[in-house]
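Derivation of every value follows stated rules applied to the coordinates shown; laboratory data play no part. Nothing here was measured: the structure is a model prediction, and the numbers come from that model. Don't worry about glycine lacking a Cβ; one is built from the backbone with ideal geometry, like all the others, and counts go over all protein chains shown.
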Amino acid sequence: MRAVVVAKGGTSPTEQDIIDFSQDKLARYKQPRSVLFTNVLPRNATGKVPKSDLREKFDSVGVEDGQHEVGPGRGRSGRHVRAQAADGTGPR
């Protein structure tokens with residue numbers, strides 16, 4: 001899990017500050033493993049931050065080739081996804 005953070009004016013938290021803060025506030029599986037800082041979050045017409053836009057913009061930032069943020073056997077939504085054979089015909 002990755003956190004995308006916009007720091008308040010006049011503050012400069014570090015990645016470790018955000019991770020330490022989340023340890024007391026979030027369940028272990030929800031705690032970020034990495035933190036990205038940005039100046040502004042993408043918002044839709046109603047002012048919400050669409051997760052799909054965050055993934056589009058920040059998903060590959062800081063992830064080296066061959067590494068994935070999503071665990072094996074799980075799709076972007078986190079729900080279990082059935083494995084398929086290389087030719088797409090069904091389970092392996």
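Restricting segment 10-37 to residues that are surrounded by 10 or more Cβ atoms within 10 Å (Cβ to Cβ) and β-branched (Val, Ile, Thr), which is nearest to Asp59 (Cα to Cα)?
Restricting to residues being surrounded by 10 or more Cβ atoms within 10 Å (Cβ to Cβ) and β-branched (Val, Ile, Thr), the top hit is Val35.
I'd like the residue in segment 1-22 that is hydrophobic (A, V, I, L, M, F, W, C) and under 15 Å from the mean Cα position of the chain (by Cα) and, out of all such residues, is farthest from Val49 (Cα to Cα).
The residue in question is Ile19.
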